[in-house]
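Here the structure comes first, spelled out in structure tokens, and everything after it is commentary.
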Amino acid sequence: MSVLVYTESEQGHFKKAALEVASYAKAVADQLGTTVTAVSVNATDTSVLGNYGVDKVLHVASDQLNSFNASAYASVIKQAVENENAKVIIVSSSADSKYLAPLLAVGLNAGYASNVVAAPSGTSPFTVKRPAFTNKAFENIQINTEVKIIGVSNNAFGLVETSGSASAEDFSPTIPGFAVKVESVDKATDKVTIADAEIVVSGGRGLKGPENWGMIEELAEVLGAATACSKPVSDLGWRPHGEHVGQTGKPVASNLYIAIGISGAIQHLAGINASKVKVVVNTDPEAPFFKAADYGVVGDAFQVIPELITKLKAFKAQQ
Amino acid sequence: MKILVCISHVPDTTSKINFTEDNTKFDANGVQFVINPYDEFGLTRAMWFKEKQGASIDVINVGGPETEPTLRKALAIGADAAIRVNTVATDAFSVAKQIANVFSNGGYDLVMAGRESIDYNGGMVPGMIAGLTNANFVNSCISLEIDGANATAIREIDGGKETVSTSLPLVIGGQKGLVEESDLRIPNMRGIMMARKKPLTVVEPVNASPETISVSFEKPAPKGAVTLVSPDNLDELINLLHNEAKVI
Ligand SMILES: Cc1cc2nc3c(=O)[nH]c(=O)nc-3n(C[C@H](O)[C@H](O)[C@H](O)COP(=O)(O)OP(=O)(O)OC[C@H]3O[C@@H](n4cnc5c(N)ncnc54)[C@H](O)[C@@H]3O)c2cc1C
């Protein structure tokens, strides 16, 4: 009756979100007085999961699963759930997990709560908290089915290290045929993604043109951050669409969000409100972003950002 | 090709969100409702198929009579017929079950749903429809081409995109990119007049008990005032981010 967690990996290595969902699974298992079993697919070394509360790993090795396929992965996890007789399943909020979780929910007749931001406030009834109305409120929801799926919002729970160790077991599920086939993947593998990033540096129309993004990228590099932008910036073609954050773009739930030359329109804020600490740099002291931000600099980005980069480099060098 | 477009009836983005009955119910008072922005992309792409390749478009909403103006708006944009499943939408699963039932019995080839709705942000309905009907499914879809029974789609992944091929029947969780924003349509007078004559069928729900229940809502804690740092004192900003906020 263990808690089952799906720990995503990429090129053999666990994503940070995998360690976060493992930490979350451990918290739920402690509430229920049970253990944590992880399912991992094609990870090279699963031992690190023990440091985040996993007791047992079901290790799936399959060339067929080298590229992600939602229904096949859902089927693999379903077989693991049945194998373990698990009643609570934890997944992340990555694009892949959000793709497979509804399929898994149907397959298991399980109630599913997505984007959950905290450990369950109770397990009987099973109640979790998640954002609603695009971060303008939180919803407390009860999952009433016997089997439950929780999708944990990125960076909401954090990593919790323990001193345990995880035993590994080979697991060989039946892998169904693929009705959706991957033809090609276009992805910058060396960059921090918005979904994973702890820090996001974002630029708006105040930066005047794509030629000025060098300083945004440099600031991001110094901070180990992902870069993002407001909607008009991607609409104008200054930056790729995948960087557009906000209500109609990507949600951001980073620890630090730095908004440069962004006004702070409600649609933009809706997508980034889940970030913990917000810094705004804007020439206009009346920009709405100052009401939503924790720290603000009223100033010209073209002066502030280069200087901030120099100072941060000095600060990092001292650390 | 017969297309079913899911239309969620959601509060306009700029709406103030409030709750009543001891924070257990959403307060719709004074709230302007619109077509969920993600669904608008799907509807517009469906219109493209209709105009360029030939297709019929039904729009569907699971909800009470109050959602009909939103369905009429979709008809005014160009859908051929509307279906309202006459039940209050409670959770994603029960909504998906209603739509899956119409999809399975209606001879549709393609369901266009939005990646998520901007009220409950569940991101579950499209995948659940696919799961319930065994149709193929592409989520976070930013491009869709259909050639006979074959489909090529691009989906957004973390840090990039992926091109996939599949076949009909297909369910799409769509988003910006499916069409250019400049292609989104505002109903014109002719469309609005025609929409009045188009069929809006009310069907009774199938049995589907919810799996999850919203028990209460809360607003985020009020935020303290912003701490302003002079542009001449960026060391102070670094200090605050390091020592106070502990994020660098
Ligand atoms: C249905 C709908 C959905 C939307 N979804 C989104 C969304 O998901 N994401 C999103 O971002 N927007 C979205 N929008 C658009 C949103 O309303 C705003 O138009 C947008 O966020 C504004 O982007 P911006 O702040 O970059 O540009 P602007 O509004 O042009 O603001 C630029 C800011 O830069 C400042 N500035 C100018 N020069 C400098 C300088 N040298 N240094 C520092 N600051 C400077 C200005 O003071 C200003 O505040 C949506 C709109 C609608 C209607």
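Points to keep in mind about this one:
- Once segment B:175-185 is narrowed to residues that are in contact (Cβ under 8 Å) with a residue 40 or more places away in the chain and not basic (K, R), the residue that is surrounded by the most Cβ atoms within 10 Å (Cβ to Cβ) is B:L178.
- Residue count, segment A:131-171 (criterion: part of a loop (DSSP other than H, G, I, E, B) and of a type in the set (A, V, I, L, M, F, W, C)): 8
- If the condition is being within 15 Å of the ligand (Cβ to nearest atom) and of a type in the set (A, V, I, L, M, F, W, C), then segment A:182-210 contributes A:I194, A:V200, A:V201, A:L207.
- All conditions but one from (1) more than 14 Å from the ligand (Cβ to nearest atom); (2) in contact with a Lys or Arg (Cβ under 9 Å, 6 or more places away or on another chain); (3) more than 25 Å from A:A156 (Cβ to Cβ); (4) among the polar types (S, T, N, Q) apply to A:Q318; the one that does not is (2).
- Residues (near the ligand (Cβ under 10 Å from one of its atoms) and either outside any loop (DSSP other than H, G, I, E, B) or at pLDDT below 95 (or both)) located in segment A:285-301: A:F289, A:F290, A:V297, A:V298, A:A301
- Of the criteria (1) over 30 Å from B:E211 (Cβ atoms); (2) within 13 Å of the ligand (Cβ to nearest atom), which one A:N135 fails: (1)
- For the condition within 19 Å of A:K136 (Cβ to Cβ), at pLDDT 95 or above and near the ligand (Cβ under 9 Å from one of its atoms), A:I305 does not qualify.
- Qualifying positions in segment B:208-245 - loosely packed, with under 12 Cβ neighbours inside 10 Å and either facing another protein chain (nearest Cβ under 7 Å) or assigned to a loop (DSSP other than H, G, I, E, B) (or both): B:S209, B:A221, B:P222, B:G224, B:A225, B:S230, B:N233
- So B:I172, is it in contact (Cβ under 8 Å) with a residue 40 or more places away in the chain, under 16 Å from the mean Cα position of the chain (by Cα) and in a strand (DSSP E or B): yes
- Within segment A:1-109, strands (runs of 3 or more DSSP E) holding 3 or more residues that are under 18 Å from the mean Cα position of the chain (by Cα) and over 17 Å from A:G164 (Cα atoms): A:88-91
- Entirely in segment A:214-284, the helices (runs of 4 or more DSSP H) that have 2 or more residues that are within 11 Å of the ligand (Cβ to nearest atom) and at the interface with another protein chain (Cβ under 9 Å from one of its Cβ atoms): A:231-235, A:266-272
- All positions within segment B:94-138 that are without any contact (Cβ under 8 Å) to a residue 40 or more places away in the chain and assigned to a helix (DSSP H, G or I): B:V95, B:A96, B:A100, B:S104, B:N105, B:M128, B:G131, B:L132, B:T133
- Exactly one residue among A:I90, A:I77 is within 14 Å of chain B (Cβ to nearest Cβ) and more than 22 Å from B:E162 (Cα to Cα), and that residue is A:I77.
- From the list B:E66, B:E51, the lone residue that is in a helix (DSSP H, G or I) and free of Cβ contacts under 8 Å to residues at least 40 places away in the same chain is B:E51.
The values are calculated or read from the model by the stated rules, or taken from the named source; none is laboratory data. From a predicted model like this one, the values you see are computed outputs, not experimental measurements. Glycine gets a Cβ as well: all are built from the backbone with ideal geometry, and neighbour counts include every protein chain shown.
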